[in-house]
Amino acid sequence: MRRFVDRGAIYAGWVGVGMAVTIAVSFLLVIPIEPVVWLLALPAGLLIGYYANARSNRQAGPWRRIIANGAFAGFLTAATLAILFLVTKSVFFSADNGYRSAADGGPIAGCETGAGCVYARYLEAGKGPELEAAGITNVDEFTAFYWREQLGTAGTVFVLAFLGGLGGAMIYGIARPKAVQPAPGSPGER
């Protein structure tokens, strides 16, 4: 059976999954700074695309294998980042019950857990005129708008990480170590 990617690329793909989980947990849950996920998607892909070929010890061989290695590892990394982004957004969107501390004015009154409370938060933050200008005047319209935006962001994160994987493979292909030729008269020469 012929492989489409090297064993090292399969290993690197799982390393990419771990890296994506670390990025998502760190910057969506622990320190929720979503733009950092966008900023790290491309470098994470570059790193994993390069690593897939370095782990495979690709010193020679066709470019298509080098690109396939980077694409495979980049795809796993990108898909994991995008899926975890959407799962995190889904959990917070559906579980919002309007809680606020007493210092922030106490719980949001009259909102239903989930979309209703998220919409109420946007309105209380002064986003009402912007939403109305976009034609959003109720919870259902807001929900559709919110998920379009989140899917767009997840798609952007996926594309950045995947293209990074391809870019990392190309960088490796250009800068890869070349196979060492035995020196004349050395035991390896025949």
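The values are calculated or read from the model by the stated rules, or taken from the named source; none is laboratory data. Bear in mind that the values here come from a model prediction, so they are computed numbers and not experimental data. Using ideal geometry, Cβ is built from the backbone for each residue, glycine included, and neighbour counts are taken over all protein chains shown. We work out accessible area using only protein heavy atoms, side chains counted, and drop any ligands, DNA or RNA first. Shrake-Rupley method; radii C 1.70, N 1.55, O 1.52, S 1.80 Å.
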Work out from phi, with θ = phi - 60° and the Karplus expression 6.51 cos²θ - 1.76 cosθ + 1.60, the ³J(HN,Hα) of each residue of the stretch 166-175, listed in order in whole Hz, and give x for Gly and Pro.
5, x, x, 5, 5, 4, 4, x, 6, 9
Express the relative contact order of the stretch 10-60 as a whole percentage, based on alpha carbon pairs under 8 Å and six or more residues apart in sequence.
49 percent
Could you go through the stretch 89-94 in sequence order and give the Karplus-derived ³J(HN,Hα) for each residue, using 6.51 cos²θ - 1.76 cosθ + 1.60 with θ = phi - 60°, rounded to whole Hz, and x for Gly and Pro?
4, 5, 4, 5, 5, 7
Can you give me the accessible area per residue for the chain, using a 1.4 Å probe, in Å²?
58 Å²
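Hey, got a sec? Which trypsin sites (Lys or Arg not before Pro) in the stretch 1-35 land in a DSSP loop and have at most 15 other Cβ atoms within 10 Å? Display every interim value, and only then the final one.
Working: sites: R2, R3, R7; in loops: R2, R3.
Sites meeting the loop and neighbour criteria: R2, R3.
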Whole-Hz Karplus ³J(HN,Hα) for the stretch 109-115, in order, using 6.51 cos²θ - 1.76 cosθ + 1.60 and θ = phi - 60°, x for Gly and Pro?
7, x, 9, 8, 3, x, 4
I'm spelling it out carefully: the read-out is semi-axes √(5λ) of the Cα gyration tensor in Å, the candidates are (i) 33, 23, 13; (ii) 48, 15, 12; (iii) 37, 22, 13, and one was derived from this structure. Which label?
(ii)
With a cut-off of 8 Å between alpha carbons and a minimum separation of six or more residues, what is the relative contact order of the stretch 32-190 in percent?
44 percent
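Tell me, what % of the accessible area of the stretch 41-129 is carbon and sulfur with a 1.4 angstrom probe? Don't jump to the answer; show the numbers that get you there.
On the way: 2820 of 4500 Å².
Its accessible area is 63 percent carbon and sulfur atoms.
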Just report the Cα centroid separation between the stretch 127-162 and the stretch 6-76, whole Å.
28 Å
Rounded to the nearest 500, what is the chain's calculated 222 nm mean residue ellipticity when only DSSP H runs of at least 4 contribute -39500 (n - 2.57) each, over all residues?
-22500 deg cm²/dmol
